[in-house]
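The values are calculated or read from the model by the stated rules, or taken from the named source; none is laboratory data. No experiment lies behind these values; they were computed from the predicted model shown. Here the Cβ positions follow ideal geometry from the backbone for every residue, glycine too, while neighbour counts run over all protein chains shown.
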Amino acid sequence: MAKPGRPGARNPGKKKGPLKGTGGHSRKALEGRGPTPKAEDRAWHPAGKRKAAEERYAAAGGKGRPGVRAVGNPNRKSPKAADDTETVTGRNSVLEALRAKIPATAMYIAQRVEMDDRVKEMLSIATNRGIPVLEVTRPELDRMAGFDGVHQGVALKVPPYAYAHPQDLLEQIIDRGQLPLLVALDGVTDPRNLGAIIRSTGAFGGQGLIIPQRRSASVNSAAWKTSAGAAARIPVALAANLTATLKEFKKQGVFVLGLDGDGDVSLPDLELADRPVVIVVGSEGKGLSRLVTETCDQVVSIPISAATESLNAGIAASVALYQVSTLRGTV
């Protein structure tokens, strides 16, 4: 007696006869189409769109690939985002930015703001320069100013900060017949410290700052605010390599003074104040880096009470700037 097979299993002893089907319609439908086109030959494919753009670019006389940035040109800027602006807040900062004729795109003023002399001058400058003045609610200004921003009822939209080149900055100071007094920051990452140092530099006769491209605070809205408008007057230069920049300055007769708690010269005993000087300030936590320390002509310490471990970068820079300007007789 034959055993019943498993449900759905084919019986190998029984041949399968011809079945009625589609007659190969699907197979015939594929005949004659040829191989699949390459991605770059398909107009809708990203590769195809890129190829078409390259052909149009070449036909117009362009060189290289469109959208590919040329190397070796540090001054060439990459395309900006749709809204790549900074928001300057606070009455002093906004007023100084307007006085300095920074190309602002819009000024915001809170509803029912107190109209003091500064606000009146802001409105006058903005109106004369054709800058749109928009009245907004205080919650909207709070949002624009950020979590810890204090706007005092006004804000200004400005383009990204335009950094100077270190060598250009030094040459401009010399061309004006001034004795260089610069500040360089080594690892200062808090923009509020940067803003405070910009303000102190302007207050004590300094002509500018130098910051490295990497591991450094940038001149953003927080720095603008803390500088109380000094960022509109005191240029900040961007150095690709801070150590190399300081060495180049030394070749041109500028003395490099580093601030450090373990310095070999006490600030009151400083004898180089009447020379061209760049004061280098390190971060509060790590201080000066090894390479920068080795580049310094002198490492200077600020005498402080034994009960205080250290000074933050902003205060240390202010004390050193005051001492140098005092010895020079400029304050």
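Out of Asp175, Asp190, which single residue is assigned by TED's automatic domain parsing to the domain that holds Thr201 and over 29 Å from Ala316 (Cβ atoms)?
Of Asp175, Asp190, the one residue that is assigned by TED's automatic domain parsing to the domain that holds Thr201 and over 29 Å from Ala316 (Cβ atoms) is Asp175.
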Matching residues in segment 173-190 (touching a residue at least 12 places away in the same chain (Cβ under 8 Å), more than 14 Å from Ala217 (Cα to Cα) and outside any strand (DSSP E or B)) number 4
Residues of segment 64-114 classified as at pLDDT below 50 and on the phi < 0 side of the Ramachandran plot, total:
17
Does Ala231 satisfy the criteria of being closer than 27 Å to Arg91 by Cα, surrounded by 24 or more Cβ atoms within 10 Å (Cβ to Cβ) and at pLDDT below 95?
yes
Filtered residues of segment 272-282 (kept if of a type outside the set (A, V, I, L, M, F, W, C), more than 26 Å from Ala217 (Cβ to Cβ) and in contact with a strand residue (DSSP E or B) (Cβ under 8 Å, 6 or more places away or on another chain)):
Arg275
Filtered residues of segment 148-188 (kept if farther than 30 Å from Ala126 by Cβ and basic (Lys, Arg))
Arg176
Return yes when Ala162 is modelled with pLDDT under 90 and within 13 Å of Ala231 (Cα to Cα) and no when it is not.
yes
Quick one: in segment 81-125, which of the residues that are more than 19 Å from the chain's Cα centre (by Cα) and exposed (fewer than 11 other Cβ atoms within 10 Å of the Cβ) is nearest to Gln152 (Cα to Cα)?
Glu114
Residues that are touching a helix residue (DSSP H, G or I) at 6+ places or on another chain (Cβ under 8 Å): find the strands (runs of 3 or more DSSP E) completely inside segment 80-163 holding 3 or more of those.
86-89, 106-110, 154-158
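Quick grid of which residues meet (1) surrounded by fewer than 22 Cβ atoms within 10 Å (Cβ to Cβ); (2) under 27 Å from Ile174 (Cβ atoms); (3) not acidic (Asp, Glu):
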site	(1), (2), (3)
Asp274	yes, yes, no
Ile279	no, yes, yes
Ser301	yes, no, yes
Thr308	yes, no, yes
Leu311	yes, no, yes
Val324	no, yes, yes
